[in-house]
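Contents: one structure, followed by commentary.
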Amino acid sequence: MTSSVAIARIGEIDEGKGKAFEIGEKRIAIFHVDGQFHALDDACPHAGASLAEGYLENGKVGCPWHYAEFELTTGRHCHSPATCGVTVYPVTLESGEVFVEVI
Ligand code: FES
C-alpha cells in the first residue's frame, strides 16, 4: 500500500541541492534540480553514504564517499563501485509542500 506524505516545504530545499528526511523507517533524499524535485533512497547501496550530501551533475547524483552515480529520475546506477540502483519515489507539489509517495 502506498501513501503520500508531506515531507518538506518547497522553499526548504535550495535549487541545486539535496536534503535527507526521515519517513518512518526510511531515509529519503529530496533533490531540487532545474525546478524539479526528485526523491530517492538516501543510503548509497555501496557503503551507506548519504546521497543527499552528494554532488549533482547532468541529471545524476554522485555519492560523496566513492563517487558511484545514480540517475535522479530512475535511480539506476551508472558508475561503479555501486552494483545496483536505488529506489525512486513519485513526488508531487501541493500548497507549497513536497509530497512523496512511499510504499
Ligand atoms: S558509499 Fe557510495 S560509492 Fe561507496
The listed residue being modelled with pLDDT under 95, away from the ligand (no atom under 16 Å from the Cβ), open to solvent by 40 Å² or more (accessible area, probe 1.4 Å) and not basic (Lys, Arg), out of Glu97, Glu25, Glu15: Glu25
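Among the residues of the stretch 38-49, are any assigned to a strand (DSSP E or B), closer than 23 Å to Ser3 by Cβ, more than 12 Å from the chain's Cα centre (by Cα) and in contact (Cβ under 8 Å) with a residue 12 or more places away in the chain?
no
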So, Phe70, is that one part of a strand (DSSP E or B) and either at pLDDT below 95 or within 12 Å of the ligand (Cβ to nearest atom) (or both) or not? yes
I need a count of the residues in the stretch 35-82 that are of a type in the set (A, V, I, L, M) and open to solvent by 20 Å² or more (accessible area, probe 1.4 Å). 3
So, of the residues in the stretch 1-12 that are surrounded by 15 or more Cβ atoms within 10 Å (Cβ to Cβ) and among the β-branched types (Val, Ile, Thr), which turns out to be nearest to Gly59 (Cα to Cα)? Ile7
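The values are calculated or read from the model by the stated rules, or taken from the named source; none is laboratory data. Values in this document were obtained by computation on a predicted structure and should not be read as measured data. Backbone-built Cβ (ideal geometry, glycine too); neighbour counts: all protein chains shown. Please note that ligands, DNA and RNA were not included when accessible areas were found on the heavy atoms of the full protein model with its side chains. Shrake-Rupley method; radii C 1.70, N 1.55, O 1.52, S 1.80 Å.
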